[in-house]
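The values are calculated or read from the model by the stated rules, or taken from the named source; none is laboratory data. Just so we're clear, the structure is a prediction, and the values are computed from it rather than from any experiment. Every residue, glycine as well, gets a Cβ built from its backbone with ideal geometry; the counts of neighbours run over all protein chains shown.
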Amino acid sequence: MAGTSMYSRRQLLLTALISAFALTTTPSFAATEIYDAKTRKWVKYDRATARKMFARNKQAPEAFRPQVVKFRTAEQPGTIIIDGNQHFLYLVQPGHQAIRYGIGVGREGFGWAGIVRVGRVAEWPTWTPPAEMVARDPNAAKWAGGQPGGPDNPLGARALYLYEGDRDTIYRIHGTPEPWTIGLDVSSGCIRMNNDDIVDLHSRIKVGAKVIVLMQGAALYKGV
Amino acid sequence: MPQTRTSCRSAMLAAATLALLAATGCASTNEPQETARSTLQTAPADLQLLCASAVSTQTGTASDKVLPISSRQIDGATYQVELDAAGKRHSCTVDNNGNVTSVRAG
């Protein structure tokens with residue numbers, strides 16, 4: 001009985017804390033929209049729409065394909081900037097420019113923000129699901145010992161492992177066998193890119209590159 | 001009589017210019033510059049980072065300890081960016097041209 005009462009009190013406290021947090025912070029997750037040039041209207045771009053459009057066009061919407069854009073920054077060329085809210089990854093170039101790629105990011109509750117670095121990289125990496133994912137996802141459980149690299153591997157063609165100092169954050173920038181998920185909030189906190197794009201990014205960056213992750217309302221990664 | 005000819009020529013020139021503009025796509029169609037967006041309207045990433053750089057310079061905080069945490073558009077040309085600088089909150093305004101117009105603590 002005492003245990004039940006304590007549990008209820010804990011639940012009440014937790015509910016109050018979550019409510020207070022919800023009232024004092026701006027929600028970080030919102031819908032992606034795509035401009036339809038035919039109807040001249042913005043349309044909701046969710047998982048179902050994305051999959052349908054990808055099946056039709058065999059590529060991501062134009063905005064999420066690689067392109068060189070103006071980017072005014074004091075950050076050094078080679079720095080990676082991730083705008084999680086808008087689903088873009090920028091690789092800073094000289095002359096106030098950047099290469100912009102489309103990305104998929106953490107779904108609700110899995111987003112984060114912080115300043116980290118590329119600690120190491122891998123080609124066609126092995127994917128080892130974390131213990132909590134093994135516990136909740138039967139598909140992940142069968143690969144508890146590690147899934148070898150290949151076209152069906154969730155990490156895709158390349159992985160950039162994000163470190164804070166010398167510590168692995170467990171977050172990665174990686175490819176994906178699900179290219180229609182670019183532009184959406186879908187992951188467990190990793191940044192996913194089309195395989196062609198991650199191969200291109202991998203060829204342009206150096207281990208040690210600074211990575212700035214912007215995501216409004218998401219938890220700050222420790223150390224910032 | 002010469003005046004009428006001049007007016008007629010001007011009208012023809014104006015019509016030809018309009019036709020050319022329409023044909024070359026110079027006429028405004030109100031198409032957005034970006035064809036994807038989030039319903040959460042944040043400041044462009046480069047403008048957020050210009051604010052981070054300004055806060056770092058102004059407060060003497062190491063640049064790798066200053067992170068934009070939220071932003072919003074104030075008007076058509078200005079954004080407000082909230083930042084965490086080594087645990088302390090700062091607010092910054094920046095315009096579309098990349099000019100940081102104010103930085104304040106709290």
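Observations on the model:
- Output for the range A:113-126, where each listed residue is more than 16 Å from the chain's Cα centre (by Cα) and either closer than 29 Å to residue A:85 by Cβ or surrounded by 14 or more Cβ atoms within 10 Å (Cβ to Cβ) (or both): A:119, A:120, A:121, A:122, A:124, A:125, A:126
- All of (1) outside any strand (DSSP E or B); (2) small (Gly, Ala, Ser); (3) farther than 17 Å from residue A:217 by Cα hold for residue B:102 with one exception: (1).
- Residue that is farthest from the chain's Cα centre (by Cα) [pool: residues in the range A:81-106 that are part of a strand (DSSP E or B) and more than 11 Å from chain B (Cβ to nearest Cβ)]: A:93
- Close pairs from the range A:191-205: first crowded, with 18+ Cβ neighbours inside 10 Å, partner basic (Lys, Arg), Cβ under 6 Å, at least 6 apart: A:198/A:158; A:202/A:158
- Residue in the range B:84-99 that is among the charged types (D, E, K, R), more than 29 Å from residue A:116 (Cβ to Cβ) and at pLDDT 95 or above present: yes
- Given (1) over 24 Å from residue B:30 (Cα atoms); (2) aliphatic (A, V, I, L, M); (3) under 21 Å from the mean Cα position of the chain (by Cα); (4) facing another protein chain (nearest Cβ under 9 Å), index of the condition residue A:74 fails: (3)
- For the range B:32-83, the tally of residues that are over 14 Å from the mean Cα position of the chain (by Cα), part of a loop (DSSP other than H, G, I, E, B) and either of a type in the set (Phe, Trp, Tyr) or surrounded by 14 or more Cβ atoms within 10 Å (Cβ to Cβ) (or both) stands at 3.
- Selection count where residues are part of a loop (DSSP other than H, G, I, E, B) and more than 12 Å from the chain's Cα centre (by Cα), scope the range A:157-193: 5
- When residues in the range B:33-53 are screened for being more than 9 Å from chain A (Cβ to nearest Cβ) and touching a His at 6+ places or on another chain (Cβ under 9 Å), 1 of them pass.
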